[in-house]
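The values are calculated or read from the model by the stated rules, or taken from the named source; none is laboratory data. Since we're looking at a predicted model, the values are computed, not measured. Every residue, glycine as well, gets a Cβ built from its backbone with ideal geometry; the counts of neighbours run over all protein chains shown.
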Amino acid sequence: MKKILIAEDDELIAALERDYLEAAEFEVVIASDGFEGMRLATEEEYALILLDVMLPGPSGFDICREVRRNKNTPIIMVTARKEDVDKIRGLGLGADDYIIKPFSPSEMVARVRAHIRIHERLLSEAREPVKTQVIEVGGLKIDTLSHRVFVNGSEVALTNKEYELLCFLASNPNIVFSKDALFDRIWGMDACGDTSTVTVHINRIREKIEDDTANPRYIETVWGAGYRFTIL
């Protein structure tokens, strides 16, 4: 049985999330404040973490940042604010998705399942005993078997979504993809239909692989059209 961590200080919301997830045959652990959430998220292993933004003690952002130092566990942020600031900040720290309160419990379960499935597929592909396929352009090397990325010989850590986005673009070089097309291809679900998610992830990838983010070598912005992975 897959285990889910819920970090939520509102007892009613936490109970609602727990009931629906347990009905979907997940094991659920609840942390009612940021201190307990931080300890459990960093010390234990989970199939996914459902993380409220506003918690007593360390915030959801603090927990997300700390988890991403060592783990690729899928993280879904939960926020009561409809403004983009929480969404962009959470995604920028490495969250995979976000849900706005009030939300549909059935949609929440569907997103949890989808992100776990994506994560497990990536792990499964990494274990497949097939010939290693490498995409190598300039100083950038993408090992699609091990899901590892190197820049000038040094490994860089990417989240699942960052890796998928980079690998897709690099596998389809010199083709311009709109933000809508990338959103549909990589997320594959209705994550509130917010294509700013793509922009945030592109910027994070550039910070990790580009020598000069203002003049990117690999992922080029085609103004008014989208992005392309450039091979000269």
Inset, instruction - Considering only region 43-123, give the strands (runs of 3 or more DSSP E) lying wholly within it that have at least 3 residues that are aliphatic (A, V, I, L, M). - result: 48-52, 75-79
Inset, instruction - Report yes if ILE76 is under 19 Å from LYS2 (Cβ atoms) and touching a residue at least 12 places away in the same chain (Cβ under 8 Å), otherwise no. - result: yes
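Restricting attention to region 169-191, report how many residues are under 15 Å from the mean Cα position of the chain (by Cα) and either modelled with pLDDT of 90 or more or within 16 Å of ARG89 (Cα to Cα) (or both).
Matching residues across region 169-191 total 1.
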Inset, instruction - Could you list all residues from region 1-46 that are touching a Pro at 6+ places or on another chain (Cβ under 8 Å), crowded, with 19+ Cβ neighbours inside 10 Å and closer than 22 Å to LYS71 by Cα? - result: GLY34, GLY37, MET38
